[in-house]
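**Q** Could you have a look at this structure, given as structure tokens, before my questions?
The values are calculated or read from the model by the stated rules, or taken from the named source; none is laboratory data. The model shown is predicted, which means the values in this text are computed figures rather than measured ones. Cβ placement follows ideal geometry from the backbone for every residue including glycine, while neighbour counts extend to all protein chains displayed. To get the accessible areas, we keep the full protein, side chains included, count just its heavy atoms, and leave off ligands, DNA and RNA. Shrake-Rupley method; radii C 1.70, N 1.55, O 1.52, S 1.80 Å.
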Amino acid sequence: MNLNKLLKPKTIAIIGASDKAGFSGDTIRNYMKFSRNLDQLYFVNPKRDEVFGKKCYHSILDIECDIDLAIICTPQKTVIPLLREAAEKNCGGAVVFASGYGEVGAEGKAKQQELVEEADKLGIAVMGPNCAGFANFIDGIFAFAFLVEERDRKGNIGMISQSGQIVLAGLDSPNMGFSHVISSGNSCNVKVEDYLDFLVEDDDTKVVAAYIEGITKPAKLIETFRKAALKKKPIVILKTGRSSKSQELAASHTGSLSGSDKVLRAIFKRYGIVEAGDLEELCSLAAAFSWMRELPAGRRTVFMNVSGGEAGVSADLSEEYGIPLAEYKPETKAYLKSLLPEYGSVNNPFDMTAGIGYNTPVMVDAIKAISADENVDMICVAYTITPEIWDDTIAHMVEAVSIARQDKSIKPIVWLPFIEHTRHQGSADILKASGTPLLASGKYGCTAIRKILDFASFEYEDGGCAIPEKTAKTGSKGLSEYDSLCYLEKHGVVIPAQAVAATKEEAVEVAKTLGYPLSVKIHSAQIQHKSDVGGVKLNIKNDEELCQAFDIIMDNCKKNAPGAELSGVLLKPMLKTGAEMIIGINNDKDFGPTIMVGMGGVFVELFKDVQLAPVPLTRNQAVKMIEQLKAYPLLNGYRGNPVYDKDALADLLVSIAAMAAEGKDEIKELDINPVFVSEDGVAIADALLILKEEC
């Protein structure tokens, strides 16, 4: 649906116009404070001839021209009739403030569905209901119902929230300037994903900030993320519901380790989305990206301080928050040394002393020298800006940054305070004009630096997402290990030799082909955790041991799993052991299959060291998943141990991811645990596959 008439209208009617406090009166007050063009605005109220001294029409149908946007400030029961009248004036967008819809129960949900159906039929994009509206600062359109202090807020941040109060908090932030702010409310026939897409496509929006409570159009979200990744446009998201328990009843390790919130985080990671932990971080990250003139070309950072104590704090923070410190070239170090008093020393973090901090021209020279060093990607000036400029150092340092940044070749600079103060607005304005973000203090600021570096170094590689069709398959059916492995083999995954034997005699015959030593396991689709019921015997070396193992396994399972159908035993040659890993698939109801890799065996639940990604996978994405595991050193020859075949593990991940993408409407869960990774390959020791089926 085209949102231009909703968000970039040429003509606007406020229906239910009034000068009283409330949605209508406050929207008009906001509009009169912030809009440059009141000629585009029409008031409608059957009981009024004028409002705020401006003509008021008794019906939208009385207005002489077509109306792009109707702002409906009247009770719920009037909304649909008014939409029908607006449609007669070629209206393409409406803001509905009324509540009492999907947020209040079954009756409200029915009313909202009626509103959706009518709006779709009329071709009107509806913001709300139960919303606070929006503001378009580029075109001077203020359809927002919460009173806002009058000041210039025009900028390049596009903010979307399902909560009006979150938008209001953003509007109150002194560091944020906006292209658009949108309070979507219940999201009638225009969803959060549609607004995100509009902002990603909008040339006036440099960075998108979003508060999201739920996802309703996953395919649209993925496509929007893909567009943003291709444009290198940052999207900063605060997503609630991170404590979701929707996967608690999963039958496999994979399901318990890859709940819906973890899936969304994997989607974020795939597309370079910047995740905020709270509202403060959402606003500060959006402001930082907004202020930055350009992104750093790499991650290596220099901290510039005016005291040894602050340099020590910077060193600790940089290590704790993963900010790589640059190593100066010898000539850079020598030049910086020449700028310092005799007692000074050149390190990173750089204690430049008050001798440089109080001297604007010398600090400019220091910044230029550091920026010219090819080992440096970004500079962080770390000093607290207080409410009033009482410390001359602040004035000199801010001025030095501003002068240095006039040279367009100077690398990106950010400013990190150590203590949170009400910022001196004059200093903030100078830094903003120079393209230097004034970050939050300490941990918040260093988190922002790391996330800026992460985004700057992100390289988009489109592996895609296999979003499943919406079907009625809500049930599930677990396969035996043998059938699970056969499914894998049928879909191109290499599996070890295996065979099923219903009797001892068959087992002995099969052993002649497979060869000893063997593993022997119960063959039953009803027994998913075979060791728990005594259904496994390993390292069987001859026919006699095989017959004994057969009897013991069958007896144990008859006793410990009395309801299970026992179809004999599964025989496999003993595998070459090595590092034990787990590979799993979990099929999210919205985003489809995701693949998991991590430390396996008995350690999977203990350490929970896993990486998750949507499928399919490119080989490079598979390699990165493995390298990002905390256990990666164990695969790479840690302390004299063997260097295991990581390439074979990556190839296996790619194969299983391809299978999962192909089976997105069929596979529910898959556990392959353990996978043995040795010096010369990988081998699947066990598998549990759960398929979707009709209830």
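**Q** Do any residues in the range 222-239 that are more than 14 Å from S457 (Cα to Cα) and open to solvent by 20 Å² or more (accessible area, probe 1.4 Å) have Cβ atoms under 9 Å from those of residues that are among the basic types (K, R) and in a loop (DSSP other than H, G, I, E, B), where the two are at least six apart or on different chains, and which pairs are they?
**A** K227/K233
**Q** Let me ask something additional. Restrict the check to the range 498-507 and report whether at least one residue is in a loop (DSSP other than H, G, I, E, B), at pLDDT below 95, open to solvent by less than 40 Å² (accessible area, probe 1.4 Å) and of a type in the set (S, T, N, Q).
**A** Taking every residue of the range 498-507 in turn, none turns out to be in a loop (DSSP other than H, G, I, E, B), at pLDDT below 95, open to solvent by less than 40 Å² (accessible area, probe 1.4 Å) and of a type in the set (S, T, N, Q).
**Q** Could you run through the range 188-211 and say how many residues are in contact with a strand residue (DSSP E or B) (Cβ under 7 Å, 6 or more places away or on another chain) and assigned to a loop (DSSP other than H, G, I, E, B)?
**A** Residues in the range 188-211 being in contact with a strand residue (DSSP E or B) (Cβ under 7 Å, 6 or more places away or on another chain) and assigned to a loop (DSSP other than H, G, I, E, B): 7 in total.
**Q** What about L488, is it of a type in the set (A, V, I, L, M) and touching a Pro at 6+ places or on another chain (Cβ under 6 Å)?
**A** So L488 fails the test.
**Q** Kindly indicate the residue of the range 363-403 that is farther than 18 Å from F303 by Cβ and among the hydrophobic types (A, V, I, L, M, F, W, C) and also least open to solvent (accessible area, probe 1.4 Å) among those meeting that condition.
**A** Of everything passing the filter in the range 363-403, A395 is least open to solvent (accessible area, probe 1.4 Å).
**Q** Name the residue, out of A98, A70, that is crowded, with 23+ Cβ neighbours inside 10 Å and in contact (Cβ under 8 Å) with a residue 24 or more places away in the chain.
**A** Residue meeting the stated conditions: A70.
**Q** Let me ask you something else. Give L612, L670, L653 a once-over and let me know the one that is part of a helix (DSSP H, G or I) and under 28 Å from S480 (Cα atoms).
**A** Among L612, L670, L653, only L653 is part of a helix (DSSP H, G or I) and under 28 Å from S480 (Cα atoms).
**Q** Is it true that G214 is in contact with a Gly (Cβ under 8 Å, 6 or more places away or on another chain), farther than 20 Å from L6 by Cβ and either in a strand (DSSP E or B) or modelled with pLDDT of 90 or more (or both)?
**A** When the stated conditions are applied, G214 does not pass them.
**Q** E627 versus (1) open to solvent by less than 40 Å² (accessible area, probe 1.4 Å); (2) within 24 Å of the chain's Cα centre (by Cα): which is the lone unmet condition?
**A** Of everything listed in (1) open to solvent by less than 40 Å² (accessible area, probe 1.4 Å); (2) within 24 Å of the chain's Cα centre (by Cα), E627 misses just condition (1).
**Q** Shifting gears a bit: Select, from E565, E605, E580, the only residue that is assigned to a helix (DSSP H, G or I) and not aliphatic (A, V, I, L, M).
**A** Testing whether each residue is assigned to a helix (DSSP H, G or I) and not aliphatic (A, V, I, L, M) leaves just E605.
**Q** Right, something else. Checking R151 against (1) surrounded by 23 or more Cβ atoms within 10 Å (Cβ to Cβ); (2) under 18 Å from K33 (Cβ atoms): exactly one of these is not met. Which one?
**A** (1)
**Q** Could you list, in sequence order, all residues of the range 514-527 that are more than 18 Å from I552 (Cα to Cα) and modelled with pLDDT under 95?
**A** Scanning the range 514-527 gives A525, Q526.
**Q** I'm checking my understanding of the structure. Among residues of the range 42-67 that are among the charged types (D, E, K, R) and under 15 Å from S24 (Cα atoms), which one is surrounded by the most Cβ atoms within 10 Å (Cβ to Cβ)?
**A** Once the filter is applied, the top-ranked residue is R48.
**Q** Looking at C56, is it at pLDDT 95 or above, farther than 25 Å from Q165 by Cβ and assigned to a loop (DSSP other than H, G, I, E, B)?
**A** No: the conditions fail for C56.
**Q** Which count do you get for residues in the range 465-493 that are in contact with a helix residue (DSSP H, G or I) (Cβ under 8 Å, 6 or more places away or on another chain) and either surrounded by fewer than 17 Cβ atoms within 10 Å (Cβ to Cβ) or assigned to a loop (DSSP other than H, G, I, E, B) (or both)?
**A** 7
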